[in-house]
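In what follows, a structure is listed as structure tokens, so that the remarks can point back to it.
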Amino acid sequence: MYFGACPICKKTDGCLNIGREHWFVCHEHKKRWCAGANLFSGWRDEDESVWQENAEQIKNYEEVDPIYDPS
Ligand SMILES: [Zn+2]
């Protein structure tokens with residue numbers, strides 16, 4: 001829960017990197033929230049085409065405030 005979860009289902013489908021930004025998503029409810037930038041080193045192994053794909057995938061998702069407490 002450290003990086004938050006979807007406010008509706010309290011879950012996350014994981015993280016997509018767009019450049020050095022880390023976006024967590026819920027695909028079911030089309031929500032996204034930014035966990036920060038340059039927290040994980042993985043983004044360095046990806047390139048522009050991956051980020052573009054990720055950006056495309058979540059561009060219509062609503063940006064929300066995630067929940068951090070599952071109860
Ligand atoms: Zn959800």
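The values are calculated or read from the model by the stated rules, or taken from the named source; none is laboratory data. Predicted model only: the values in this text are computed from it and were never measured. Reconstructed Cβ throughout: ideal geometry from the backbone, glycine too, with neighbour counts over all protein chains shown. Please note that ligands, DNA and RNA were not included when accessible areas were found on the heavy atoms of the full protein model with its side chains. Shrake-Rupley method; radii C 1.70, N 1.55, O 1.52, S 1.80 Å.
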Exercise. Rank these by accessible area, largest first, 1.4 Å probe: Phe24, Phe40.
Key: Phe40, Phe24
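Net charge near Glu53, counting Lys/Arg +1 and Asp/Glu -1 over other residues with Cβ under 13 Å of its Cβ?
Values: positive: Lys59; negative: Glu46, Asp47, Glu48, Glu56.
My count for the surroundings of Glu53 gives -3.
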Quiz item: Once the Cβ-Cβ distance between Glu53 and Tyr2 is put in as r, and R0 is 25 Å, what FRET efficiency do you end up with, to the nearest 0.05?
Solution: 0.45
Exercise. Using all C-alpha to C-alpha distances in the chain, build P(r) with 5 Å bins and read off the rounded percent in each one.
Key: 3, 19, 28, 24, 16, 7, 2, 0
Exercise. Per residue of segment 56-65, in order, report the coupling 6.51 cos²θ - 1.76 cosθ + 1.60 (Karplus, θ = phi - 60°) as ³J(HN,Hα) in whole Hz, putting x for Gly and Pro.
Key: 4, 5, 10, 5, 9, 6, 7, 7, 10, 8
Practice problem: Return the long-range amide H neighbours of Asn17 (sequence gap of 5 or more, or a different chain), with a cut-off of under 5 Å between placed amide H atoms. | Solution: Trp23
